[in-house]
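See below for the structure under consideration.
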């Protein structure tokens, strides 16, 4: 796996941007310089994150989300050890 996180990543297994290997490694997100822990999906090239909107749920039981625009900085939480 590359040392940089993917350009777009989703935590929803039904999304085409879901990457289990990256999520297992642990991806952290800095949005506008602030650490975010509730990010459902992000896109670096388009400059947005999708976060849960409180405890609200849609008809299928999925969390309602809102889109926030700004600079996104993903990083891997674990520093991969050099072999």
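State the number of residues belonging to the stretch 44-58 that are at pLDDT below 95 and either surrounded by fewer than 11 Cβ atoms within 10 Å (Cβ to Cβ) or closer than 24 Å to residue 32 by Cβ (or both). Show your work before the answer.
If we filter the stretch 44-58 for residues that are at pLDDT below 95, which is where we start, we get 52-58.
Now drop any that are not either surrounded by fewer than 11 Cβ atoms within 10 Å (Cβ to Cβ) or closer than 24 Å to residue 32 by Cβ (or both), which leaves 52-56, 58.
Residues that pass the stated criteria total 6.
Every test in (1) at pLDDT 95 or above; (2) in contact with a helix residue (DSSP H, G or I) (Cβ under 9 Å, 6 or more places away or on another chain); (3) in a loop (DSSP other than H, G, I, E, B) is passed by residue 5 save one, and that test is (1). Residue 14 meets each of the listed conditions (1) at pLDDT below 95; (2) in contact with a helix residue (DSSP H, G or I) (Cβ under 8 Å, 6 or more places away or on another chain) apart from (2). Screening residue 30 with (1) touching a strand residue (DSSP E or B) at 6+ places or on another chain (Cβ under 6 Å); (2) in contact (Cβ under 8 Å) with a residue 12 or more places away in the chain; (3) surrounded by fewer than 15 Cβ atoms within 10 Å (Cβ to Cβ); (4) over 21 Å from residue 3 (Cβ atoms) gives one miss only, at (4).
Of the residues making up the stretch 17-27, those that are loosely packed, with under 11 Cβ neighbours inside 10 Å and either closer than 14 Å to residue 77 by Cα or touching a helix residue (DSSP H, G or I) at 6+ places or on another chain (Cβ under 9 Å) (or both) are 21, 24.
The values are calculated or read from the model by the stated rules, or taken from the named source; none is laboratory data. In this text, all values refer to a predicted model and were calculated from it rather than measured experimentally. We place every Cβ from the backbone using ideal geometry, glycine too, and count neighbours over all the protein chains shown.
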